[in-house]
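These notes concern the structure reproduced below.
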């Protein structure tokens, strides 16, 4: 049988993909991160499905559950928030499943940065303003960042930065990026993107940290920093240009 790593999306139950929902509905076992995955999604599991909240389980316990379900002949839905290809910790799970001889597949989901862009009503790649998006985080209580991936280094590019897992360190983030982007650089924070309790903060590097503190945001949020967030008067894309040969 197969373990399906399913991207549950940024938090709103209706932002799971059709493929994700169909796969979830066909699995007799579901492991989900209870602190991040909306409980409404569990209603899509088949009647009698075994539901396992992994919020308090370590990697060994999670792997044991996956291997056990496979041994019992059950397909498993392993629900992760966002998209499993980014900051989901699936790599170590897949490595252990490889060692155990358990097959698996990945089902993409809507990533948090995409939901944040929708909330901001912004395209993140704007002609002549910015064509690069850097997805990153900072290392405080988490795994250290590899050499060369610190904010000071990434900030030299001037590209749009999207930081996950960094809301509680917004003041430090702003301080590290100020020398590279300037105090007037547009910045935004989106928390609980796509959910009824969604919070959208807009400002600059000079004031975004204070806004985060005032709003009491400490998790389930992304920080965006870059000129494209306030782009105006830019040239039209060549994609629909009358000068383009069709």
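Picking from 159, 49, 167, which is most flexible by a Gaussian network model of the chain using Cα springs under 10 Å?
Largest GNM mean-square fluctuation: 49.
For the stretch 3-107, list log₁₀ I(q)/I(0) at each q in 0.12, 0.17, 0.25 Å⁻¹, using the Debye formula over Cα point scatterers of equal strength and ignoring solvent, two decimals each.
Relative scattering, expressed as log10 I(q)/I(0), comes to -0.33, -0.69, -1.62.
DSSP beta bridges in the chain, what fraction antiparallel, as a percent rounded to 5?
Numbers: 17 of 38 bridges.
Here the share of antiparallel DSSP bridges comes out near 45 percent.
Looking at the stretch 3-107, send over the antiparallel percent of its DSSP beta bridges, to the nearest 5.
Working: 1 of 18 bridges.
Counting only bridges with both partners in the stretch 3-107, antiparallel ones make up about 5 percent.
Taking only Cα atoms, what is the 0 to 90° angle, nearest 10, from helix 170-181's long axis to the longest principal axis of the chain?
Here the helix axis deviates by roughly 50 degrees.
Any idea how far the Cα center of the stretch 157-216 sits from the one of the stretch 26-100, in Å?
So the two Cα centres are separated by 31 Å.
Would you look at the GNM of the chain, springs on alpha carbons closer than 10 Å, and say which of 196, 146, 108 moves the most?
Between 196, 146, 108, it is 146 that shows the largest mean-square fluctuation.
If the chain between residue 168 and residue 235 were fully stretched, how many nm would it gain, using 0.36 nm times the residue separation less the Cα-Cα distance? If you can, show how the numbers build up before the last one.
Values: separation 67, 0.36 × 67 = 24.12 nm, distance 3.65 nm.
Result for the pair: 20.5 nm of gain on full extension.
Would you please state the base-10 log of I(q)/I(0) at q = 0.22 1/Å for the stretch 34-92, with intensities from the Debye formula using one equal scatterer on every alpha carbon?
-1.09
Using only DSSP helix segments of four residues or longer, with each worth -39500 (n - 2.57), what per-residue ellipticity at 222 nm results for the chain after dividing by its residue count and rounding to 500? Don't skip to the answer; put the middle values down first.
Working: 7 runs with 65 residues, N = 246.
So the calculated ellipticity at 222 nm is -7500 deg cm²/dmol.
Need one number: nm distance between label points at residue 92 and residue 206, each 7 Å from Cα along Cα→Cβ, rounded to one decimal.
4.3 nm
Sorting 32, 104 on the 10 Å Cβ count, fewest up front, what's the list? Write out the running numbers ahead of the final one.
Details: 32 25, 104 17.
Lowest to highest Cβ neighbour count: 104, 32.
Using the alpha-carbon atoms, what tilt in degrees (0 to 90, nearest 10) does helix 59-71 show relative to the longest principal axis of the chain?
50 degrees
In a Gaussian network model over the chain where Cα atoms closer than 10 Å are linked, find which of 56, 137, 195 has the largest mean-square fluctuation.
Result for the chain, Cα springs under 10 Å: 56 fluctuates most.
In square nanometres, what is the average projected area of the Cα convex hull of the chain? Could the numbers behind the result be given before it?
On the way: hull surface 64.3 nm².
The orientation-averaged projected area of the Cα hull of the chain comes to 16.1 nm².
Sort 80, 74 so the one with the fewest other Cβ atoms within 10 Å of its own Cβ comes first. Provide the component values of the computation, followed by the final result.
Details: 80 27, 74 17.
Lowest count first: 74, 80.
Per the Kirkwood formula on distinct C-alpha pairs, the Rh of the stretch 121-177 is how many angstrom? Working shown, then result.
On the way: mean 1/r = 0.0808 Å⁻¹.
Result for the stretch 121-177 stands at 12.4 Å.
Determine the relative contact order of the chain: mean sequence separation of Cα pairs under 8 Å and six or more apart, normalised by residue count, in whole percent. List each step's numbers first, then the result.
Details: 462 pairs, mean separation 49.4, N = 246.
Result for the chain is 20 percent.
Just to compare against my own numbers: the Cα pair-distance distribution for the stretch 112-230, 10 Å bins, whole % per bin, please.
Per 10 Å bin, starting at 0, the Cα pair percentages come out as 14, 51, 32, 3.
Using the Kirkwood formula over every pair of different C-alpha atoms, what hydrodynamic radius in Å results for the stretch 201-240?
Numbers: mean 1/r = 0.0802 Å⁻¹.
That comes to 12.5 Å for the stretch 201-240.
No value in this document is a laboratory result; all are computed from the given coordinates. Here the structure is a predicted model, which is why all the values come from computation and not from measurement. Cβ sites come from the backbone with ideal geometry, for glycine too, and all protein chains shown count toward neighbours.
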